[in-house]
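Chemist: Take a look at this one; I'll ask things after.
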Amino acid sequence: MNELNTYEMISNENWTPTPLLKANIISDHFNSEIWLKREDCTPVKSFKLRGALSVLSDLVDQGSNINKIVAASAGNYGLAIAEACKRNNIPCVIYVPENANESKVERIKLTGSEVVKLGNDFDDAKFHGKKYAEDTGDIFLEDGDLDGMHVGAGTIGTEIINSGIDFDYIFVPIGNGSLISGIGKAFKDSKSKAQIIGLIPSASPCMYLALNGENYENQTADTIADGLSVRIPVLASVNRVKTIVDDILLVEEKLLLKSMKSFIDYENLLVEPSSAITLAGLSEYREKFPKNSKICFIITGGLVDPSMINSIIDSEGVI
């Protein structure tokens with residue numbers, strides 16, 4: 001499905017366009033205009049549903065013989081695929097790591113999909129999911145390696161462009177890369193002046209190293225931002241991102257929890273660590289972005305692990 005058809009399909013959803021709201025207090029603190037693109041306001045509480053609907057639509061339209069869909073996820077992608085499969089009455093199995101966010105796991109189960117907990121991290125779970133699909137002959141859908149995930153994410157960029165706000169910077173968290181690839185392409189195609197800024201947590205530096213042409217092997221992925229926890233990059237996605245990103249910030253892990261606290265304090269908003277990295281990145285690299293800049297934060301999701309709540313509340317903020 002091309003960009004136009006995907007945008008038309010997503011535009012017909014009753015939850016789009018997702019809100020684009022100014023963060024007044026955070027804006028005042030940084031002497032800039034900070035806007036939040038609220039992808040936590042989708043039915044699955046993350047941006048991933050856009051791409052999942054595109055991918056499943058492509059499979060159905062192609063007349064593929066689908067017995068079962070298999071995917072691996074830290075949580076949000078799996079939930080989005082599960083929801084898209086539910087809409088299309090297709091059985092689904094989602095592999096997640098053993099330490100997966102329980103709130104996300106339970107929501108996946110509520111779609112009727114099977115959940116298999118296996119592996120120490122996302123990439124371990126993906127290995128087992130791929131092996132299962134190979135053994136059964138089922139379709140394995142790998143996030144980062146699917147055109148539909150990139151194109152679906154691009155609809156976020158189009159919605160921001162259509163807002164009419166002339167942004168200087170778009171802050172985009174980087175996991176497997178489909179989000180920044182899609183949004184970045186939409187902005188580059190529109191000839192916008194906005195710079196695309198990628199953010200990666202320091203405790204999961206694999207994508208940062210890969211995007212900078214450095215050795216990314218034998219790295220850890222111990223970040224609290226489960227959606228950004230990548231140990232083995234999807235190289236096709238890396239190559240896409242390289243063509244559209246203007247700068248990549250490696251953000252201190254310790255700032256993620258603090259930024260979650262500041263979102264609660266000043267926006268009354270509970271966001272995932274993968275979303276909070278936007279504020280953490282601006283706080284850490286403030287000198288890179290001039291005063292009076294117009295900046296859009298992509299708030300990627302809002303399914304916070306309940307076990308984190310006390311730590312967030314007890315934390316100091318970045319503001």
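The values are calculated or read from the model by the stated rules, or taken from the named source; none is laboratory data. These figures come from a predicted structure and were not determined experimentally. Note that each Cβ is placed from the backbone with ideal geometry, even for glycine, and that neighbours are counted across all protein chains shown.
Chemist: For segment 103-147, what are the residues that are surrounded by 20 or more Cβ atoms within 10 Å (Cβ to Cβ), out of contact with any strand residue (DSSP E or B) (no Cβ under 9 Å at 6 or more places or on another chain) and not charged (D, E, K, R)?
Modeler: Gly144, Leu146
Chemist: In the set Ser262, Ser307, Ser311, which member is surrounded by 15 or more Cβ atoms within 10 Å (Cβ to Cβ) and either in contact with a strand residue (DSSP E or B) (Cβ under 6 Å, 6 or more places away or on another chain) or under 30 Å from Glu102 (Cβ atoms) (or both)?
Modeler: Checking each option against the conditions leaves just Ser262.
Chemist: Here is a further query. Go through (1) among the hydroxyl-bearing types (Ser, Thr, Tyr); (2) within 28 Å of Glu8 (Cα to Cα); (3) more than 20 Å from the chain's Cα centre (by Cα); (4) in a helix (DSSP H, G or I) for Tyr77 and report which single condition fails.
Modeler: Only one criterion is unmet by Tyr77, namely (3).
Chemist: Can you run down the residue pairs with Cβ atoms below 8 Å, 6 or more apart or on separate chains, where the first is in segment 263-276 and closer than 21 Å to Thr223 by Cα and the partner is of a type in the set (Phe, Trp, Tyr) and not in a helix (DSSP H, G or I)?
Modeler: Ser275/Phe297
Chemist: Then there's this: Which one of these is in contact with a strand residue (DSSP E or B) (Cβ under 7 Å, 6 or more places away or on another chain), of a type in the set (Gly, Ala, Ser), surrounded by fewer than 24 Cβ atoms within 10 Å (Cβ to Cβ) and in the same structural domain as Lys294 (by TED's automatic domain parsing): Ser202, Ser192?
Modeler: Ser202
Chemist: Here's another thing I want to ask about it. From the list Glu253, Glu316, which residue is of a type in the set (Asp, Glu), farther than 30 Å from Glu98 by Cβ and modelled with pLDDT of 95 or more?
Modeler: Glu316
Chemist: So, in segment 187-216, exactly how many residues are closer than 13 Å to Val172 by Cβ, under 16 Å from the mean Cα position of the chain (by Cα) and either of a type in the set (D, E, K, R) or not in a strand (DSSP E or B) (or both)?
Modeler: Residues meeting the conditions: 1.
Chemist: May I pose another question? Could you please find all residues in segment 231-247 being surrounded by fewer than 23 Cβ atoms within 10 Å (Cβ to Cβ), aliphatic (A, V, I, L, M) and not in a loop (DSSP other than H, G, I, E, B)?
Modeler: Once the filter is applied, which keeps residues that are surrounded by fewer than 23 Cβ atoms within 10 Å (Cβ to Cβ), aliphatic (A, V, I, L, M) and not in a loop (DSSP other than H, G, I, E, B), segment 231-247 yields Leu235, Ala236, Val238.
Chemist: When both residues are 6+ apart or on different chains and their Cβ atoms are under 9 Å apart, which pairs have a first residue that lies in segment 217-229 and is on the phi < 0 side of the Ramachandran plot and among the basic types (Lys, Arg), and a second that is surrounded by fewer than 12 Cβ atoms within 10 Å (Cβ to Cβ) and part of a loop (DSSP other than H, G, I, E, B)?
Modeler: From residues that are on the phi < 0 side of the Ramachandran plot and among the basic types (Lys, Arg), there are no pairs.
Chemist: Cβ-Cβ under 7 Å, sequence separation 6+ or interchain: first residue in segment 95-124 and without any contact (Cβ under 8 Å) to a residue 12 or more places away in the chain, partner surrounded by 18 or more Cβ atoms within 10 Å (Cβ to Cβ). Which pairs?
Modeler: Between residues of segment 95-124 that are without any contact (Cβ under 8 Å) to a residue 12 or more places away in the chain and residues that are surrounded by 18 or more Cβ atoms within 10 Å (Cβ to Cβ), the close pairs are Lys109/Val115.
Chemist: Could I ask something else about it? When you go through Leu250, Leu228, Leu256, Leu282 one by one, which is the residue that is of a type outside the set (Gly, Ala, Ser), surrounded by 22 or more Cβ atoms within 10 Å (Cβ to Cβ) and more than 26 Å from Leu49 (Cβ to Cβ)?
Modeler: Going through Leu250, Leu228, Leu256, Leu282 in turn, the sole match is Leu282.
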